[in-house]
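The values are calculated or read from the model by the stated rules, or taken from the named source; none is laboratory data. Not measured: the values here are computed from a predicted model. Don't worry about glycine lacking a Cβ; one is built from the backbone with ideal geometry, like all the others, and counts go over all protein chains shown. Heads up: the accessible areas ignore ligands, DNA and RNA and are worked out on the full protein's heavy atoms, side chains in. Shrake-Rupley method; radii C 1.70, N 1.55, O 1.52, S 1.80 Å.
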There are 2 protein chains.
Amino acid sequence: MSAADPISDFETFYYNQTLDHFNFRPDSFNTFQQRYLINFKHWGGSNVSAPIFAYLGEEEAIDVDLSIIGFLSENAHQFQALQIFIEHRYYGKSVPFRSREEAFQNASTLGYFNSAQALADYAEVLIHVKKKLHAQHSPVIVIGASYGGMLASWFRLKYPHVALGALASSAPIRYFENIIPPEDGYYSIVTKDFREASETCYQTIKKSWSEIDAIASQPQGLSFLSEKFHTCRPLNKSSELKNYLDTLYCEAAQYNSPPSYPVTVVCGGIDGASGNDTLTKIFAGVVAYTGNRSCYVNQPRNLSETDMGWSWQTCSDLVIPIGVGNDSMFPAYQFDLKDYIKSCKAQYGVPPRPHWATTYFGGHDIKLALERFASNIIFSNGLRDPYSSGGVLEDISDTLIAVHTKNGSHCLDILNANSVTDPGWLVNQRKIEVKIIKRWIAKYYADLQAFKK
Amino acid sequence: MSAADPISDFETFYYNQTLDHFNFRPDSFNTFQQRYLINFKHWGGSNVSAPIFAYLGEEEAIDVDLSIIGFLSENAHQFQALQIFIEHRYYGKSVPFRSREEAFQNASTLGYFNSAQALADYAEVLIHVKKKLHAQHSPVIVIGASYGGMLASWFRLKYPHVALGALASSAPIRYFENIIPPEDGYYSIVTKDFREASETCYQTIKKSWSEIDAIASQPQGLSFLSEKFHTCRPLNKSSELKNYLDTLYCEAAQYNSPPSYPVTVVCGGIDGASGNDTLTKIFAGVVAYTGNRSCYVNQPRNLSETDMGWSWQTCSDLVIPIGVGNDSMFPAYQFDLKDYIKSCKAQYGVPPRPHWATTYFGGHDIKLALERFASNIIFSNGLRDPYSSGGVLEDISDTLIAVHTKNGSHCLDILNANSVTDPGWLVNQRKIEVKIIKRWIAKYYADLQAFKK
């Protein structure tokens, strides 16, 4: 595996994209400039139908992906592959209407912002690029991470004539409409991760919530907590602290990657603190994870475009029901769909469609539906990733393959490789993926040969 | 094969359907009442996961289909199948907005009228019905004719988690974006049909067009033609007569079914006329086909809902490029996409999207794209059907199967059977289709058994 290409090897292009692919009202014909980047360096060319690796952007600007996703450029050379990164509509520079502000104004402008439209965007860009390069018979492998991984697998399912195969990394495509019980999802894996790292750490966190509540309910309790946790602003409610800790544990678990393994770091802090005071231990965990700062909790922070965009997406077509079970280290919480719909409606004026994802993409009894239908998707997961709870963890068929690692975290397999610190199991996971993709492409070339006769 | 069930065995239902599945603007959430009809008589029930036969309506009211489509009710008993007929949006009683007049007002109301939306409608209705009947594991076989046949095959491709298989009768899914040269399409088969029926008939028709033009260009020529053809109104232009004849020949070829074989009837008239006058012969063909009438050509006629609906559909997502080649019995005509777009735009204010069908559904190099992807579709055709030119006439794989008959016509295999007059090859075509569907269902039950363990 070679090192990633520098970002400067990518050229930027814009495609005049249709605002609404599935409607023919006059306003549907409006267009916006969708950004995509191409690296031609390693491409074997259309004469030999050399492959195209297409990264399908998820909920952020495509520049971010370019700097952290290593899988394409690390493997482009051995595949002689063209690399293309395509930005998701409403993110980065690919925002319809005149500005992000206008695009996010209300449901009338946000309405066009959903995954079915994004998939159609990707289809149009890829067809356009293949045509421009006279590469109609170049096999396209789509690659995506997290939500982008869902898009990659769905793209193979909906546009098999455009993409030959998909590498869907950490794609929780089974995390809709109670395919899995919401309480067996995300938080159950976070809990497992901490418990496996340290039973005492897990116990400390488990009992901390009620201690925080107990102190917060006392006079001066919030000031005490604010001081204890060196908050950036005095706490108004205990939930501010609890949400901060919740997010910190989740982030540590989701990105629990080598060489540092953040969960181990947090638990190292918690278990290593002197004394017996639970909240002192918890704070030590915070410091161990985030490093020495002037303050913690309630740091001033602006909403990022990912925050804003994902908030809409999970309130429109991507309703992911996340609950917390009784065995968790977090306070139990039952996902309430009615409440959820109500709050989305209050925020955007329109309700989400919680059944749409399974209607359009399926997900229930996925093995039964796809075993004899569809082919060429890798569902890769790290089992320490909380989102792996909604992933595909068993092979569906010979060509719909689950590749997972016990110790892996969110999207780890397609992030930039590190030849020094990457453990053997991670190197191996990537090797397996490359081998599978090679098999698909070899079979495709044989089909192409036969087809041309 | 038993006789078709009476229409009275069907119960009528309405589903509260979403206006726009792929958008979340406030107006997308509007709903309309979509009609569907169910026959429960033969259904084996959800306990045994008995199959569901779903007829996907095409460009007309679903009542019409109910009276002419025999395949479902003729086979429901042996499959213990539930029968459901679902009406296509904007046809029959399934019209959004307050009335057909309002729905067809302009592109703002017509915009929601396209095949991707219709497929999503069918998915929602089928999921709803399966849920209501606790029949989640009942295999659904979708069946469609002509445009509805395209919908059936596309439904299996886009919603494999809803339908186990599809019988797509006379579905010209390769009739888009010059996958076939436009001049090798529809009219080339009509010509072949007439030529095979009678070489002299073909020759007579071939030379008739220039004779009509020659006469029409003379003073009193149009009155002469009006008298000759007993027109209902005097001709204003020779094109009125030529369009009438064009339509007559096409209809005869498309529905060239036993026992009468209309092409043979027309040619019988043409060849059997006494004397040597071309137009006398042509008129004899008209009379032979349409019977004795008080007048022919220019009969007063209102636009049907199919005329109105299909006109929009072919000017939005379903641009079918039909041309006429030089070897044809018709005057040559080159399909001009620019002209076509211009005339659609003039009529509706918005242009069609001629590349959308292949972008969303594919069609180019279909064998290469689908051989190892997808399963369980029967593409049935009669080779005398002009639309078979855009159909799938070769097996793509073991489960994507072309079943065609040399002498068959448009949708003949799924129309009401006639145990007295149906020829052996037609009876056999239907038997093959039933056998294939039985195989799919048997395999599915085996998968289901394994899946439940």
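Just a few scattered comments:
- Portion, in percent, of the accessible area of the stretch A:41-156 that falls on carbon or sulfur, probe 1.4 Å: 48 percent
- Computed over chain B, the P(r) curve from all C-alpha pair distances, binned at 20 Å from the origin, holds 23, 55, 21, 1, 0 percent per bin.
- For the protein assembly as shown: rounded, prolate or oblate by the Cα gyration tensor [a/c cutoff 1.5]: prolate
- Computed from the Cβ-Cβ distance with R0 of 51 Å, the FRET efficiency linking A:Ser260 to A:Lys452 stands at 0.50.
- Other-copy label distances relative to A:Gly275, 7 angstrom Cα-Cβ extension, nm: 11.8
- Diffusion constant of the stretch A:1-66 at 25 °C, which comes from Stokes-Einstein with the Kirkwood Cα-pair radius and 0.890 mPa s, µm²/s: 168 µm²/s
- For the stretch A:116-275, the relative contact order works out to 15 percent when only alpha carbon pairs closer than 8 Å and six or more residues apart are counted.
- Accessible surface of the stretch A:275-434, 1.4 Å probe, proportion on carbon and sulfur as whole %: 51 percent
- Rough spin-label spacing in nm, given labels placed 7 Å along Cα→Cβ, for B:Gln334 and A:Glu11: 3.3 nm
- Within chain A: Cβ-based charge dipole about Cα centre, in debye rounded to nearest 20 (Lys, Arg +1; Asp, Glu -1): 920 debye
- Area buried, chain B against chain A - accessible surface, total, 1.4 angstrom probe, square angstrom: 5000 Å²
- Each copy carries A:Lys207; placing its label point 7 Å along the C-beta direction from Cα gives inter-copy distances of 10.7 nm, listed from smallest up.
- For the stretch B:331-364, residues shielded by at least 50 square angstrom of accessible area compared with the chain on its own, probe 1.4 Å: B:Arg353, B:Trp356, B:Thr359, B:Tyr360
- Taking the stretch B:342-362 and a reference point 7 angstrom along Cα→Cβ of A:Phe29, the backbone N atoms nearer than 13 Å belong to B:342-354.
- Solvent-accessible area lost in complex, 30 Å² minimum, residues of the stretch A:420-453 relative to chain alone, 1.4 Å: A:Lys443, A:Asp447, A:Phe451
- By the Stokes-Einstein formula, at 0.890 mPa s and 25 °C, the stretch A:28-129 with its Kirkwood radius over alpha-carbon pairs has D equal to 167 µm²/s.
- Ordering of B:297-305, A:18-26, A:40-48 by burial proxy (mean other Cβ atoms within 10 Å per residue, highest first): A:18-26, A:40-48, B:297-305
- Note that the stretch B:320-401 carries a Kirkwood radius of 15.5 Å, evaluated over its alpha carbons pair by pair.
- Across the alpha-carbon set of the stretch A:181-354, the Rg to Rh ratio works out to 0.98, Rh being the Kirkwood radius.
- Aspartates and glutamates whose Cα lies under 20 Å from that of A:Lys406, excluding same-chain neighbours fewer than 8 positions away: A:Asp184, A:Asp193, A:Glu196, A:Glu199, A:Glu251, A:Asp385, A:Glu394, A:Asp395, A:Asp422, A:Glu433
- Helical content of chain A, expressed as a calculated mean residue ellipticity at 222 nm, amounts to -13000 deg cm²/dmol (DSSP H runs of 4 or more residues, -39,500 (n - 2.57) each, divided by residue number, nearest 500).
- Of all DSSP beta bridges in the protein assembly as shown, antiparallel share, percent nearest 5: 35 percent
- Heavy atoms of the protein chains alone define the surface here; on that basis the protein assembly as shown has 40 Å² accessible area per residue at 1.4 Å probe size.
- Working from label points 7 Å from Cα in the Cα-to-Cβ sense, the B:Glu394 to A:Lys345 distance is 5.5 nm.
- Label-zone membership for the stretch A:244-287, site A:Glu199, 7 angstrom Cα→C-beta point, backbone N under 16 Å: A:271
- Applying 1/(1 + (r/R0)^6) with r as the Cβ-Cβ distance of A:Thr247 and A:Asn302 and R0 = 22 angstrom yields a FRET efficiency of 0.85.
- The protein assembly as shown - Cys residues lacking any other Cys C-beta under 4.7 Å: A:Cys250, A:Cys411, B:Cys250, B:Cys411
- Threshold 10 Å² - residues in the stretch B:19-41 whose accessible area is reduced by that much or more when the chain is no longer isolated, probe 1.4 Å: B:Asp20, B:His21, B:Phe22, B:Asn23, B:Phe24, B:Arg25, B:Pro26, B:Phe29
- Distances from B:Gly45 to itself in the other copies, using label points 7 Å out along the Cα-Cβ axis, amount to 6.9 nm in increasing order.
- Applying 1/(1 + (r/R0)^6) with R0 = 30 Å to the Cβ-Cβ distance of A:Asp365 and B:Gln80 gives a FRET efficiency near 0.85.
- Shape of the stretch B:259-349, Cα gyration tensor, a/c cut at 1.5: prolate
- Axis-proximal residue, chain B, for the rotation superposing B on A (Cβ, Å): B:Phe22, 2
- Normalised by the number of residues in the stretch B:181-354, the average gap of Cα pairs under 8 Å and 6 or more apart makes the relative contact order 31 percent.
- Antiparallel DSSP beta bridges within the stretch A:2-141, percent to nearest 5: 65 percent
- Taking every alpha-carbon pair under 8 Å whose residues sit at least 6 apart, chain A reaches a relative contact order of 17 percent.
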